[in-house]
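Peer 1: Dropping the structure in here first, questions after.
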Amino acid sequence: MNAQMTTTLSNPPTTSLPLSLESVRQRLRRANLYGLLAQAEQILHEPWLAHVLEIEESERQRRSLRRRLDGARLGIFKPLVDFATGPRNSTASSSMN
């Protein structure tokens with residue numbers, strides 16, 4: 001494991017609510033964690049389960065967003081500050097008419 005993952009896994013879980021068996025099964029199914037899903041009843045009360053599910057869900061959400069942004073092929077945008085907002089040159093506007 002890399003240092004960031006080790007640090008992340010050593011933090012205590014942030015959820016204080018007890019997990020229900022059905023909610024754990026749904027979350028494991030959504031995450032395609034079928035090995036853990038098969039053992040859901042045995043691992044339901046493990047202290048690491050809620051934290052692992054949070055890590056997996058947030059990482060999947062981050063990757064999904066990154067994939068969608070990359071697929072959109074949005075270029076670099078010009079900041080609003082860089083646009084000229086002063087009065088228009090009268091000769092430029094009259095030549096456009």
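The values are calculated or read from the model by the stated rules, or taken from the named source; none is laboratory data. The shown structure was predicted, so the numbers you read here are calculated from the model rather than taken from an experiment. Cβ atoms come from the backbone with ideal geometry, glycine included; neighbour counts cover every protein chain shown.
Peer 1: Among the residues of the stretch 46-90, count how many are exposed (fewer than 10 other Cβ atoms within 10 Å of the Cβ) and closer than 21 Å to residue 24 by Cα.
Peer 2: Result for the stretch 46-90: 1.
Peer 1: Now a separate question. Scan the helices (runs of 4 or more DSSP H) fully inside the stretch 1-50 and keep the ones with 1 or more residues being at pLDDT 95 or above and among the β-branched types (Val, Ile, Thr).
Peer 2: Qualifying helices (runs of 4 or more DSSP H): 21-30, 40-43.
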